[in-house]
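Here is the structure we will look at.
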Amino acid sequence: MADPAPVCVAKPTDAQDLEKPHTSSGPSGKSTPSHHAGSDWATNARNPLNWSSARRWTIIVVLAITNFVAAMTTAYEPGLDQILRDFHAQGKDSLGALSISIYTLGYCIGPLIVAPVSEIYGRIWLLRVAYFVFPLTLVGCGASRSIGAFIAFRAIMGFAGIVFLLLGAAIVPDIMPKERRGISMGAMLTGAGLSLGPIMGGYIVERTTWRWIFWACAITFALLAAVGCYILTETYSPVLQKRAEQRGSDSETGAQAPSATPQDNLPVSSPFKRLIAILKGPWVRPAQILIQSPIVLLFAIYTTVTQGYLLLVFATLGLVYQAHYHFSPGASGLAYLGLAVGLTISQFTLGHLSDKYIARMARLHGAHKPEHRLPPLLIGALIIPVSLLAYGWGTHTHWIVPILASALFAIGYMCTYLPVMMYLIDTYPQYSASAVAACTVLRSICSAILPLAADPLYRRLGYDWGNSLLALIALVFFPCTVILAKYGERIRLRFEPNLEGI
């Protein structure tokens with residue numbers, strides 16, 4: 001049997017979902033509609049957009065819980081002092097910060113591999129590998145006997161963790177129509193897990209060893225992995241469409257349809273070219289989106305700053321309550337409740353309101369534009385500097401003030417992060433993994449480095465003036481958000497990356 005046809009799709013234009021009938025070459029060499037699965041793919045029952053609501057929301061819920069539990073690995077932060085003491089690294093705060101930020105190393109490199117490969121092989125293969133690797137790294141962290149081994153397992157954990165975060169976002173446009181993507185994308189975010197993890201970890205550290213933080217997460221994640229591998233299935237339309245066409249073609253000729261393999265989905269014919277495609281894919285499409293689309297680059301730069309600030313707040317909040325307010329490790333974990341409440345409420349509220357807003361704009365203007373996702377960006381750009389000032393100077397007042405400031409910061413952060421993610425998947429629905437990866441890589445590189453500056457920054461300036469400096473930098477970016485919100489459509493249409501054939 002001839003090699004399968006390319007699993008390629010036309011370049012997305014004006015952010016429209018590509019659900020057009022597939023065409024294939026007929027005997028004359030002309031492009032003719034396929035009579036197997038492609039000609040009516042938009043209405044085909046195998047199309048993930050046509051699956052039942054229960055099936056689609058089950059996938060969203062499983063992936064949301066996966067991201068939540070994966071984010072709970074931040075639970076060890078209240079026990080960081082105990083970890084450094086056990087590894088004879090007391091006083092080396094930079095190592096403690098490195099153990100936190102090293103997780104984002106996987107976010108720096110992983111998207112360049114995960115995104116393009118998921119658009120060649122499909123989503124499910126990568127998810128299953130990550131479900132296997134992630135709990136193993138948790139066990140490795142819990143069993144570590146040196147700070148080097150601990151940091152190494154944390155780095156590997158980041159490579160597995162980015163699969164869930166990146167493909168969770170990519171699967172949203174795979175299975176959800178535009179008017180449901182906001183609430184679905186909000187569910188995928190990990191804010192609540194990031195902030196609730198330290199609360200759980202603080203009490204575990206008080207009652208037993210910090211190692212049980214990782215072992216408890218490993219047990220939980222292993223059970224979740226079994227559920228995820230059983231329930232989740234392929235959602236990427238080009239892969240599913242190609243498999244359906246193969247089945248139809250084989251049934252017409254009387255041949256038995258072969259089982260689908262990842263190699264069947266590669267967009268090139270010879271084994272050598274298939275290998276080149278795998279080696280080439282990890283950087284071409286995400287890099288091309290980042291380089292050829294100025295608006296994606298601007299979003300990446302701005303969200304780099306806000307993501308770095310979020311990690312700074314996470315890295316310092318527990319220490320502030322132990323050093324300034326003399327809270328125990330368990331009680332200092334409760335300081336993250338402000339972040340938990342702010343992130344949880346804003347991610348679901350903002351997603352729901354965004355869906356309602358774009359539906360209203362579509363009725364008024366007759367079309368949906370990705371820029372309709374951006375108005376909350378302006379609100380977040382103002383909230384972030386205000387909340388940083390309140391957090392920094394609030395350390396001189398009652399202990400409740402930094403908690404309230406962190407809740408306000410969480411709302412501001414979500415108002416900048418979620419609209420950008422929704423914008424990307426609406427603009428590049430077929431290449432959503434690569435679009436999110438392009439933004440994630442740059443953001444994660446800086447986010448991995450910035451927390452290392454927390455200790456020298458606050459040692460020299462203190463939390464008050466240190467956060468004042470960060471607030472000033474955040475305020476400088478406000479005009480950029482105005483430009484993005486006002487002229488975003490013009491910039492997007494003027495600089496459209498050519499993704500066809502990659």
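Taken over region 411-502, the ratio of Cα radius of gyration to 2.2 N^0.38 Å equals 1.38. Sorted largest first by accessible area at a 1.4 angstrom probe radius, with every protein chain in place, the residues ASP40, ASP426, ASP464 fall in the order ASP40, ASP464, ASP426.
How fast does region 95-232 diffuse by Stokes-Einstein, in µm²/s, taking the Kirkwood radius from C-alpha pairs at 25 °C and 0.890 mPa s? Can you show the working numbers first?
Numbers: Rh = 16.1 Å.
Approximately 152 µm²/s, per Stokes-Einstein.
Calculated accessible area for region 364-483 comes out at 36 Å² per residue, all protein chains present (probe 1.4 Å; ligands, DNA, RNA ignored). Given +1 at the Cβ of Lys and Arg, -1 at the Cβ of Asp and Glu and no other charges, the dipole of region 134-223 around its Cα centre is 100 debye to the nearest 20.
Heavy-atom accessible area for CYS415, with the other protein chains in place and a 1.4 Å probe, reaches approximately 10 Å². Amide H contacts under 5 Å for SER144: none, restricted to partners 5 or more places along the chain or on a different chain, H placed in the peptide plane at 1.01 Å from N. Each part gets one Cα centre, and for region 203-228 versus region 113-172 those centres are 16 Å apart.
Solvent-accessible surface of protein heavy atoms, probed at 1.4 angstrom with all chains present, puts LYS242, LYS486 in the order LYS486, LYS242, largest first.
Each residue was assigned an accessible area with a 1.4 Å probe, and for ILE491 the value is about 40 Å².
Taking all protein chains together and a probe of 1.4 Å, list LYS178, LYS369, LYS356 from the most accessible to the least accessible. Please list the in-between numbers first.
Working: LYS178 40, LYS369 70, LYS356 120 Å².
Result of the area sort, largest leading: LYS356, LYS369, LYS178.
Within the full protein context, the accessible area of CYS480 is estimated at about 60 Å² for a probe radius of 1.4 Å. Across the accessible surface of region 297-404, with the other protein chains kept in place and a 1.4 Å probe, carbon and sulfur atoms take up 76 percent.
The values are calculated or read from the model by the stated rules, or taken from the named source; none is laboratory data. Quick caveat: nothing in here was measured; it's all calculated off a predicted structure. Cβ sites come from the backbone with ideal geometry, for glycine too, and all protein chains shown count toward neighbours. Areas reflect the complete protein model, heavy atoms only, side chains present, ligands, DNA and RNA absent. Shrake-Rupley method; radii C 1.70, N 1.55, O 1.52, S 1.80 Å.
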